[in-house]
């Protein structure tokens with residue numbers, strides 16, 4: 001029986017590179033990234049362009065799962081690139097996945113959504129506790 005197809009957005013990033021081999025044991029892994037390297041399994045596309053996202057999913061159909069990692073990750077990124085990639089790009093991905101019949105999208109986010117749990121530079125320990133309990 002063939003493995004189900006899985007698409008990882010941001011596959012050439014740190015987390016994408018870490019998870020692709022372990023996921024390859026259960027899935028036929030494909031990737032989408034704005035930056036090279038590209039191959040017969042990794043497509044260069046901009047998630048901020050809905051046509052590019054749809055085209056990748058259409059070419060791979062049927063895709064059962066998507067792991068969404070593509071994002072502007074620097075806390076110093078200006079608002080426009082964050083809006084374009086992280087918000088509009090994520091919407092584009094969800095819509096393309098819906099239209100192409102993807103059953104599951106796993107959205108991965110950064111540790112920054114917890115409200116700067118570690119604090120803010122240059123004073124990273126802004127907690128009341130000396131060693132706060134890590135969020136698992």
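The values are calculated or read from the model by the stated rules, or taken from the named source; none is laboratory data. All values reported here derive from a predicted model rather than from experimental measurement. Ideal geometry is used to build each Cβ from the backbone, glycine not excepted, and the neighbour counts take in all protein chains shown.
For the range 21-33, check the following and say yes or no: at least one residue is closer than 22 Å to residue 87 by Cα, modelled with pLDDT of 95 or more and out of contact with any strand residue (DSSP E or B) (no Cβ under 6 Å at 6 or more places or on another chain).
Of the residues in the range 21-33, the ones closer than 22 Å to residue 87 by Cα are 31-33.
Still in the running and modelled with pLDDT of 95 or more: 31-33.
Filter again for out of contact with any strand residue (DSSP E or B) (no Cβ under 6 Å at 6 or more places or on another chain), leaving 33.
Yes, some residue in the range 21-33 is closer than 22 Å to residue 87 by Cα, modelled with pLDDT of 95 or more and out of contact with any strand residue (DSSP E or B) (no Cβ under 6 Å at 6 or more places or on another chain).
Can you tell me how many residues within the range 47-63 are crowded, with 16+ Cβ neighbours inside 10 Å and touching a strand residue (DSSP E or B) at 6+ places or on another chain (Cβ under 9 Å)? Don't jump to the end; show me each part of the working.
Of all residues in the range 47-63, those crowded, with 16+ Cβ neighbours inside 10 Å come to 47-48, 50, 52-54, 56-57, 60, 63.
Then keep just the ones that are touching a strand residue (DSSP E or B) at 6+ places or on another chain (Cβ under 9 Å); that gives 47, 52-53, 56-57, 60, 63.
Of the residues in the range 47-63, 7 are crowded, with 16+ Cβ neighbours inside 10 Å and touching a strand residue (DSSP E or B) at 6+ places or on another chain (Cβ under 9 Å).
Report yes if residue 15 is within 14 Å of the chain's Cα centre (by Cα), outside any strand (DSSP E or B) and crowded, with 18+ Cβ neighbours inside 10 Å, otherwise no. Before the answer, list the steps.
Numbers: within 14 Å of the chain's Cα centre (by Cα): yes; outside any strand (DSSP E or B): yes; crowded, with 18+ Cβ neighbours inside 10 Å: no.
For residue 15, the condition - within 14 Å of the chain's Cα centre (by Cα), outside any strand (DSSP E or B) and crowded, with 18+ Cβ neighbours inside 10 Å - is not met.
Exactly one condition in (1) modelled with pLDDT under 95; (2) surrounded by fewer than 18 Cβ atoms within 10 Å (Cβ to Cβ); (3) over 15 Å from residue 16 (Cα atoms) is false for residue 86; which is it?
Result: residue 86 passes all but (2).
When residue 17 is evaluated against the numbered criteria (1) without any contact (Cβ under 8 Å) to a residue 40 or more places away in the chain; (2) in contact with a strand residue (DSSP E or B) (Cβ under 9 Å, 6 or more places away or on another chain); (3) farther than 24 Å from residue 83 by Cβ, which criterion, by number, is the only one it fails?
(2)
For residue 96, indicate whether it is modelled with pLDDT of 75 or more, in contact with a helix residue (DSSP H, G or I) (Cβ under 7 Å, 6 or more places away or on another chain) and surrounded by 18 or more Cβ atoms within 10 Å (Cβ to Cβ). Full working, then the answer.
Numbers: modelled with pLDDT of 75 or more: yes; in contact with a helix residue (DSSP H, G or I) (Cβ under 7 Å, 6 or more places away or on another chain): yes; surrounded by 18 or more Cβ atoms within 10 Å (Cβ to Cβ): yes.
Yes; evaluated as a whole, the condition is true for this residue.
Residues of the range 66-81 being surrounded by fewer than 19 Cβ atoms within 10 Å (Cβ to Cβ) and under 17 Å from residue 3 (Cα atoms), which ones?
Scanning the range 66-81 gives no hits.
Using the structure shown, decide if residue 47 is at pLDDT below 95 and either within 15 Å of the chain's Cα centre (by Cα) or farther than 19 Å from residue 107 by Cα (or both).
So residue 47 fails the test.
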